[in-house]
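To start, the structure itself, in structure tokens.
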Amino acid sequence: MKKMLILAAVGLALLAVAAGCGLLDATSGISISLPEQSFDFSLDANQARTQLQQFLASQGPPLNQIDLTGQTEIPAQVCDGGVCVDVPRINETFEIELPAQQVDLSNEPDLRDYVAAGKVKSVYPEYIKYELDANTLNFDLPSADIYMDQHGTQTLGDSADYIARLDSIQAGSTAPGDLQFTSDGRDLMSSHIIPGLKFSMLGKAGVTVDTDQTRTIPGGQLSGRIKVKLKFTVDPI
């Protein structure tokens with residue numbers, strides 16, 4: 001009996017070794033936790049400046065007389081021929097986007113053979129975090145929304161799924177933080193990863209310009225990386 005137990009233990013150990021870094025679960029398959037995945041991202045708040053100028057140009061006087069070129073603040077008055085007119089309140093929200101990141105996990109060494117054999121069953125997103133390298137924003141960035149879509153997607157559209165939120169970031173701050181999954185964010189993320197293991201990650205934030213609060217024209221950049229930890233379940237090959 002003792003010999004049989006020893007042989008069974010050795011057999012399980014060999015299966016674990018065969019699975020690389022994976023762990024065998026008799027009921028659900030082999031669990032493989034990938035190394036943390038890191039994706040660079042950037043956000044250019046000057047998108048809001050451009051949209052603000054377009055908004056002003058679409059309005060009547062005196063708003064359409066405002067030229068923001070070289071300006072750091074929205075003027076309180078517009079003058080023409082010695083006659084100055086107060087600029088009415090501006091309260092508009094402009095949407096700025098994080099450029100899409102294309103992610104391909106199909107060639108990850110720990111997964112490659114299982115992908116080729118069609119043995120990948122499911123994935124569990126453990127966390128999404130972010131680190132910042134630079135923050136020259138001249139305003140506090142409100143919360144940003146993170147989306148996933150099919151691999152190759154470059155811009156946000158109706159097919160994108162909202163999976164997580166990045167909380168507000170103060171102007172100049174480079175402190176790291178966590179992204180908060182939506183109630184179904186993990187499930188939606190999993191559906192985009194399985195079966196192809198390729199996806200696009202996108203984001204957007206709304207920047208409000210309210211001259212009752214500040215006349216500063218939004219500007220600056222935010223750059224860093226998003227880090228994702230994923231755990232896969234696969235069937236033995």
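The values are calculated or read from the model by the stated rules, or taken from the named source; none is laboratory data. Since the model is a prediction, treat every value here as computed from it, not as a measurement. Counting neighbours? That spans all protein chains shown, and the Cβs are built from the backbone with ideal geometry, glycine included.
Mind telling me which of the residues SER122, SER143 ends up being hydroxyl-bearing (Ser, Thr, Tyr) and in contact with a helix residue (DSSP H, G or I) (Cβ under 7 Å, 6 or more places away or on another chain)?
Details: SER143 fails: in contact with a helix residue (DSSP H, G or I) (Cβ under 7 Å, 6 or more places away or on another chain).
It is SER122.
Tell me, which residue of region 186-206 that is surrounded by 21 or more Cβ atoms within 10 Å (Cβ to Cβ) and farther than 17 Å from ASP104 by Cα is farthest from the chain's Cα centre (by Cα)?
Once the filter is applied, the top-ranked residue is ALA205.
Using the structure shown, decide if ASN138 is assigned by TED's automatic domain parsing to the domain that holds THR214, assigned to a loop (DSSP other than H, G, I, E, B) and either in contact (Cβ under 8 Å) with a residue 24 or more places away in the chain or hydrophobic (A, V, I, L, M, F, W, C) (or both).
Working: assigned by TED's automatic domain parsing to the domain that holds THR214: yes; assigned to a loop (DSSP other than H, G, I, E, B): yes; either in contact (Cβ under 8 Å) with a residue 24 or more places away in the chain or hydrophobic (A, V, I, L, M, F, W, C) (or both): yes.
In short, yes.
I'd like the residue in region 141-184 that is acidic (Asp, Glu) and assigned to a loop (DSSP other than H, G, I, E, B) and, out of all such residues, is surrounded by the fewest Cβ atoms within 10 Å (Cβ to Cβ). Give the derivation first.
First pass over region 141-184, keeping only residues acidic (Asp, Glu): 145, 149, 158, 161, 167, 178, 184.
Pick out the ones that are also assigned to a loop (DSSP other than H, G, I, E, B) and you get 158, 167, 184.
On the way: ASP158: 5, ASP167: 13, ASP184: 12.
Within region 141-184, the match that is surrounded by the fewest Cβ atoms within 10 Å (Cβ to Cβ) is ASP158.
Looking at GLY70, GLY29 in this structure, which one is outside the structural domain of GLU108 (by TED's automatic domain parsing) and either within 32 Å of the chain's Cα centre (by Cα) or more than 25 Å from LEU166 (Cβ to Cβ) (or both)? Give the steps one after another, and end with the answer.
Details: GLY70 fails: outside the structural domain of GLU108 (by TED's automatic domain parsing).
Unique residue meeting the criteria: GLY29.
Taking the options ALA164, ALA160, ALA100, name whichever one is in contact with a helix residue (DSSP H, G or I) (Cβ under 8 Å, 6 or more places away or on another chain), small (Gly, Ala, Ser) and more than 21 Å from THR233 (Cα to Cα). Please lay out each step first, then the result.
Working: ALA160 fails: in contact with a helix residue (DSSP H, G or I) (Cβ under 8 Å, 6 or more places away or on another chain); ALA100 fails: in contact with a helix residue (DSSP H, G or I) (Cβ under 8 Å, 6 or more places away or on another chain).
Exactly one residue qualifies, and that residue is ALA164.
With ILE30, ILE96, ILE6 as the choices, which residue is among the β-branched types (Val, Ile, Thr), modelled with pLDDT under 95 and either assigned to a helix (DSSP H, G or I) or touching a Cys at 6+ places or on another chain (Cβ under 7 Å) (or both)? Before the answer, list the steps.
Details: ILE30 fails: either assigned to a helix (DSSP H, G or I) or touching a Cys at 6+ places or on another chain (Cβ under 7 Å) (or both); ILE96 fails: either assigned to a helix (DSSP H, G or I) or touching a Cys at 6+ places or on another chain (Cβ under 7 Å) (or both).
Only one candidate qualifies: ILE6.
Determine which member of the set ALA100, ALA116 is among the hydrophobic types (A, V, I, L, M, F, W, C), without any contact (Cβ under 8 Å) to a residue 40 or more places away in the chain and assigned by TED's automatic domain parsing to the domain that holds PHE41. Don't jump to the end; show me each part of the working.
Numbers: ALA100 fails: without any contact (Cβ under 8 Å) to a residue 40 or more places away in the chain.
None of the others qualify; the one that does is ALA116.
Give region 192-223 a look and list any residue that's among the polar types (S, T, N, Q) and touching a residue at least 24 places away in the same chain (Cβ under 8 Å), or say none. Lay out the reasoning, then the answer.
Narrowing region 192-223 to residues among the polar types (S, T, N, Q): 200, 208, 211, 213-214, 216, 221, 223.
Within region 192-223, SER200, THR208, THR211, THR214, THR216, GLN221, SER223 qualify.
Only residues that are small (Gly, Ala, Ser) and part of a strand (DSSP E or B): list them for region 185-228, please. Walk me through how you get there before you give the answer.
Narrowing region 185-228 to residues small (Gly, Ala, Ser): 185, 190-191, 196, 200, 203, 205-206, 219-220, 223-224.
Listed by number, the residues that qualify are SER200, GLY203, ALA205, GLY206, SER223, GLY224.
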